[in-house]
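Working notes, structure below.
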Amino acid sequence: MTLGLAAATANAYLNVFRGTTYTGLTVWVKLHTADPGAAGTTAPSAVTTRNQATWNAPSGGSMTINTLAAWSMTTTETISHVSLWDASTGGTFLESGALSVAQAVVNTNTLTLTTFTASFTPIAA
């Protein structure tokens with residue numbers, strides 16, 4: 001399965017246990033029409049813009065978006081996945097995931113993700 005954390009992101013998180021510093025980053029969201037693959041580059045949407053996400057404080061191992069701009073769609077397609085990046089263009093692929101419900105869009109539609117959650121599971125109880 002190719003959805004999930006990029007190996008480099010997982011390694012950066014794990015390096016914290018070794019006493020290394022993990023620098024916070026700005027997250028940019030890219031739309032996809034299928035699984036983005038292990039490099040986050042497969043099945044990109046016709047919309048090439050990545051939108052910056054800001055986040056609410058985490059709780060219980062998860063956090064939700066505070067703000068995420070809408071995308072102006074340029075073609076008819078179905079958006080089913082997203083990838084997360086550390087830059088608006090280029091940059092490093094961080095992770096990917098599937099939308100809970102794929103969204104069919106047409107040219108001139110506006111696509112807004114109103115709920116978006118990042119989480120680590122399982123959490124010990």
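A few remarks follow.
- Condition check for ILE65: surrounded by 15 or more Cβ atoms within 10 Å (Cβ to Cβ), in contact with a His (Cβ under 8 Å, 6 or more places away or on another chain) and either in contact (Cβ under 8 Å) with a residue 12 or more places away in the chain or not aliphatic (A, V, I, L, M) (or both): no
- Cross-chain or 6+ apart pairs with Cβ under 7 Å, the range 81-109 first and within 11 Å of TRP28 (Cβ to Cβ), then among the basic types (Lys, Arg) and in a strand (DSSP E or B): VAL82/LYS30; SER83/LYS30; TRP85/LYS30
- Under the condition of being in contact with a Pro (Cβ under 9 Å, 6 or more places away or on another chain) and either assigned to a loop (DSSP other than H, G, I, E, B) or of a type in the set (Gly, Ala, Ser) (or both), the residues counted in the range 19-60 number 4.
- For the range 89-112, a residue qualifies if it is of a type outside the set (Gly, Ala, Ser), closer than 16 Å to THR9 by Cβ and assigned to a loop (DSSP other than H, G, I, E, B), and exactly one does: THR92.
- Filtered residues of the range 1-18 (kept if in a loop (DSSP other than H, G, I, E, B), touching a residue at least 12 places away in the same chain (Cβ under 8 Å) and of a type in the set (A, V, I, L, M, F, W, C)): LEU3, ALA6
Here, each number is a calculation from the coordinates, and none is a lab measurement. Since the model is a prediction, treat every value here as computed from it, not as a measurement. Virtual Cβ from ideal backbone geometry, glycine too; neighbours counted across all protein chains shown.
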